[in-house]
């Protein structure tokens, strides 16, 4: 990686709070909070000054316990929630010069449909369970302005093949599928418009171990084949170890440590990361 390489995604000082804040908690200063919660006004500081870059073809892992802010961060990046403040730039949009969080909802929809794909922990959020599998992919293609039925049929079939959904089941609805198959359909849908950036939020949580392994193998092989950049959120260091080039560790809404994944797993610096790594061993 050269020092001049342009990040696919650059996030600067992203903040997300639930509640108005008060004179006691003054913008989420740690001294006045219990974890990331203000005992006076009840405001929760879910993300606090989170900054990071993702480079072309890189998998960035984000790890942390429940409530650390990692899923909120993903919701903000995909515009499922509004940020309180902060900036995000994508190199494939307006030459990386426009703060995505300040764009209109119409432009944010464009970014979601053309530049990013997201796979949710809960497939109910990412799929229409009563549409066929190929229909779910077509929905994402149509949202990006495609309307050629033959093209959508061939692209949908190609993607379902890629994620190992049998061709004869492409007209079947995802609610008939197992959890692992639902995640595969979500991955196919997320990839439909050749996005340079894929957001994966706890995609293996709740799956059996053997199914987890096959979904992770699939992600790894697709990432290599397509050269796509991925932001991968997990509370499971085993998943991070398998997939991530670099890793951020989040605790109480803040990034407390970041570095090459091997470095973080072999020589963790922060006491919380040390505890996480030792619980894996």
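Any read-out appearing in this document is the output of simple, stated calculations on the displayed coordinates, not a laboratory observation. From a predicted model like this one, the values you see are computed outputs, not experimental measurements. Positions of Cβ are generated from backbone atoms using ideal geometry, with glycine treated the same way; all protein chains shown enter the neighbour counts.
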per DSSP, antiparallel bridges as share of beta bridges in the chain, % nearest 5, sits at 55 percent
Measuring from the longest principal axis of the C-alpha atoms of the chain, the long axis of helix 271-280 (C-alpha) lies at a number of degrees, nearest 10, equal to 40 degrees
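Set the Förster radius R0 to 30 Å, insert the Cβ-Cβ distance between residue 6 and residue 217 as r into 1/(1 + (r/R0)^6), and round the FRET efficiency to 0.05.
Values: r = 30 Å, r/R0 = 1.00.
So the FRET efficiency works out to roughly 0.50.
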The alpha-carbon center of segment 72-144 and that of segment 216-265 are separated, in whole Å, by 20 Å
For segment 173-270, percent of DSSP beta bridges that are antiparallel (nearest 5) comes out at 55 percent
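Please find the FRET efficiency linking residue 97 to residue 172, where r is the Cβ-Cβ separation and R0 is fixed at 51 Å, and quote it to the nearest 0.05.
0.70
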Nearest 10, in degrees from 0 to 90: the angle of helix 149-162 to the longest Cα principal axis of the chain is 60 degrees
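Report the full-extension gain for the segment residue 274 to residue 128: residue separation times 0.36 nm, less the Cα-Cα distance, to one decimal in nm.
48.5 nm
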Pseudo-spin-label distance residue 164 to residue 18, built 7 Å along Cα→Cβ, given in nm, is 3.6 nm
Rounded to the nearest 10, the angle in degrees between the Cα long axis of helix 105-114 and the longest principal axis of the Cα atoms of the chain comes to 60 degrees
By the mean-Cβ-within-10 Å protection proxy, highest first, 127-136, 41-50, 270-279 rank as 41-50, 127-136, 270-279
By the mean-Cβ-within-10 Å protection proxy, highest first, 165-177, 240-252 rank as 240-252, 165-177
Descending packing, highest mean Cβ count within 10 Å first, for 68-75, 215-222 is 68-75, 215-222
